[in-house]
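Colleague: Take a look at this one; I'll ask things after.
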Amino acid sequence: MSNASTRKLRLKKPRKRCTAESQDKHRTAGRAEKRGKNMDPKAILDHQFTVAAYAITWAVQLAYLAWLGFRWRAQKRDAARSSRNPR
Amino acid sequence: MKKISIGIFAAVTVGLMIWGFYQAIYVAPTDAMQGELFRIIFYHVPSAMVAFLFFAISLAGSIGYLALRRNRAEWAQVADAWALAGAEVGVVFCTVVLLTGPLWGRRAWGIWWTWDARLTTTLVLWLIYVSYLLLRRFAAGPQVQTLAAVLGIFGALDVPIVYMSNRWWRTQHPAPVFGGEAGSGMDPSMVPAFLWNILAWLAWGVLILALRYHVERQHQKIAAEEAQEALHG
C-alpha cells in the first residue's frame with residue numbers, strides 16, 4: 001500500500017528544470033564515461049590492448065629510426081675525420 | 001634539390017601517418033564482433049605487407065649481387081646494399097607484426113601464442129632474417145656478402161609459405177580477409193582507413209629503407225677507401 005503511494009508520489013514529482021548546474025553534472029558524467037569509468041570492463045581491456053599495439057608499433061619504428069640516425073651521424077663523423085687525417 | 005625532395009617526401013609521409021591514424025581511430029567504425037580491438041588490423045596487416053615487400057627487395061638485391069659480383073663489382077655493391085637494407089627494414093616491420101599479433105590474439109582467442117602454421121612460419125621468417133643480419137654484423141672476410149646473399153635467397157623462400165599458410169592448412173589465425181574464399185572481405189566503410197594505413201606505412205617504410213640504403217652505401221665507400229689506403233700505404 002505504502003509502496004503504491006510512494007510510486008504515485010514519485011510519478012507526480014515535477015521534473016527538474018535543466019539548470020546550468022544540472023548540465024554541468026551531465027557533462028561530468030559524459031567525461032567520466034569517456035575516461036572509461038562507466039565502460040564495460042571488456043571494452044576497457046580491448047581499448048588498452050589496442051593502445052598497447054599502437055604504442056609498441058611506434059616505439060619499434062622510432063627506436064629504429066633513432067638508431068639509424070645515430071649511425072648515420074657517426075659515419076659522417078668518421079668520414080670527415082679520415083679525410084682530415086689521411087694515413 | 002635532392003635534399004628538398006627528400007624533405008617533401010618526409011613531410012608527406014608524416015602527413016600520411018597522421019591521416020592514417022585519424023582514419024583508423026576516428027573514422028573507421030567499431031567492429032560488430034571484436035569492438036575496438038579490431039583497430040589493431042590497421043597497423044598489423046600493413047606492417048606484414050611492407051615486410052613481405054622489403055624481403056622481396058632483399059631477394060632481388062641478393063640475386064643481383066650473386067649475378068654481378070664477378071663482372072660488375074660496383075653494381076654488385078649497390079645490389080648488396082639494397083639486399084641488406086631490405087632485410088633490415090623488413091625485420092623491423094616483421095617484429096611489429098610479431099608483437100602486435102599476440103596482443104590481438106590474447107584478447108580475440110584468449111592466448112598469446114599458438115604454434116599454428118601462420119604464426120610459426122612468420123617466426124621462422126623473422127629468425128632467418130635476424131640470422132642474416134647477425135651474419136652481416138659479426139662475420140668477417142671476403143665471403144660474407146656471398147654467404148649472406150645465399151641466406152637471403154633461402155629466407156625469401158619462406159615468404160610465399162607464410163602468405164599461403166592459412167590457405168593450405170587449418171590455422172588459429174583467421175582466414176585471409178582479402179583474396180580469400182567467398183564471403184571473406186572487409187566492410188566497405190572500413191576499407192578507406194585500411195588503404196590509407198597501407199599507403200602511410202608503405203611511405204614510412206620507403207623512407208627508412210632509403211635512409212638505410214644511404215647509410216650502407218656510405219659504409220661501403222668508407223671501407224673501400226680504407227682498403228685502398230691500406231694497399232698503397
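Every number in this text was worked out from the coordinates using simple rules, so none of it is lab data. All values derive from a computational prediction rather than experimental measurement. Neighbour counts are summed over all protein chains in view; Cβ atoms, including those assigned to glycine, are modelled from backbone coordinates with ideal geometry.
Colleague: Using DSSP to define loop residues, name the trypsin sites (Lys or Arg not before Pro) in the stretch B:131-227 whose beta-carbon has at most 15 other beta-carbon atoms within 10 Å.
Modeller: Working: sites: B:Arg136, B:Arg137, B:Arg167, B:Arg170, B:Arg212, B:Arg217, B:Lys221; in loops: B:Arg170.
Those that pass, being in a loop and sparsely packed, are B:Arg170.
Colleague: Specify, per residue and in Å³, the volume enclosed by the convex hull of the alpha carbon atoms belonging to the protein assembly as shown.
Modeller: Details: hull volume 73.2 nm³, N = 320.
Per residue, the Cα convex hull of the protein assembly as shown comes to 229 Å³.
Colleague: Something else now. What's the FRET efficiency of B:Thr30 with B:Ala60 using the Cβ-Cβ distance as r and R₀ = 35 Å, to the nearest 0.05?
Modeller: 0.30
Colleague: Would you list, by chain and number, the aspartates and glutamates whose Cα falls below 20 Å from the Cα of B:Lys2, excluding same-chain residues fewer than 8 positions away?
Modeller: Cross-link targets: B:Glu216.
Colleague: Among B:Ala203, B:Ala73, B:Ala87, determine the one that fluctuates most according to a GNM of chain B built with springs between C-alpha atoms less than 10 Å apart.
Modeller: Checking each option, the largest mean-square fluctuation is seen for B:Ala73.
Colleague: Normalised radius of gyration for chain B, please: alpha carbon Rg relative to 2.2 N^0.38 Å, two decimal places.
Modeller: Working: Rg = 20.1 Å, N = 233, 2.2 N^0.38 = 17.5 Å.
Normalised Rg, Cα atoms only: 1.15.
Colleague: What does the charge add up to near B:Asp187, with Lys and Arg as +1, Asp and Glu as -1, over the other residues with Cβ less than 14 Å from its Cβ? List each step's numbers first, then the result.
Modeller: On the way: positive: B:Arg39; negative: B:Asp31.
Overall, the nearby charge balance is 0.
Colleague: Using the charge dipole of the protein assembly as shown (Lys, Arg: +1 at Cβ; Asp, Glu: -1 at Cβ; taken about the Cα centre), state which of B:Leu125, B:Val91, B:Ala108 has its Cα farthest towards the positive end.
Modeller: Among B:Leu125, B:Val91, B:Ala108, the one farthest towards the positive end of the dipole of the protein assembly as shown is B:Ala108.
Colleague: A follow-up question, please. If one takes the longest principal axis of the Cα atoms in chain B, at what angle in degrees, from 0 to 90 and to the nearest 10, does the Cα axis of helix B:2-22 lie?
Modeller: 20 degrees
Colleague: Counting each pair of different Cα atoms once, what's the Kirkwood radius of the stretch A:40-87 in Å, rounded to one decimal? List each step's numbers first, then the result.
Modeller: On the way: mean 1/r = 0.0724 Å⁻¹.
By the Kirkwood definition, the hydrodynamic radius is 13.8 Å.
Colleague: So for the stretch A:40-87, taking the charge dipole from beta-carbon charges (+1 Lys/Arg, -1 Asp/Glu), which of A:Ala53, A:Leu65, A:Ser82 sits furthest toward the positive end?
Modeller: Checking the options against the dipole of the stretch A:40-87, the answer is A:Ser82.
Colleague: On C-alpha positions alone, give me the angle between the axis of helix B:73-108 and the longest principal axis of chain B, in degrees, nearest 10.
Modeller: 20 degrees
Colleague: Between the helical axis of B:117-138 and the dominant principal axis of chain B, each derived from Cα atoms, what acute angle in degrees is found, rounded to the nearest 10?
Modeller: Tilt relative to chain B: about 20 degrees.
Colleague: Also, I was wondering about something else. If packing is taken as the mean number of other Cβ atoms within 10 Å per residue, what is the order of B:138-147, B:88-97, highest first?
Modeller: On the way: B:138-147: 11.6, B:88-97: 24.9.
Going from most to least packed, we get B:88-97, B:138-147.
Colleague: Moving on. Over the residues of the stretch B:35-164, compute the C-alpha Rg and express it relative to 2.2 N^0.38 Å.
Modeller: Details: Rg = 16.4 Å, N = 130, 2.2 N^0.38 = 14.0 Å.
Dividing the Cα Rg of the stretch B:35-164 by 2.2 N^0.38 Å gives 1.17.
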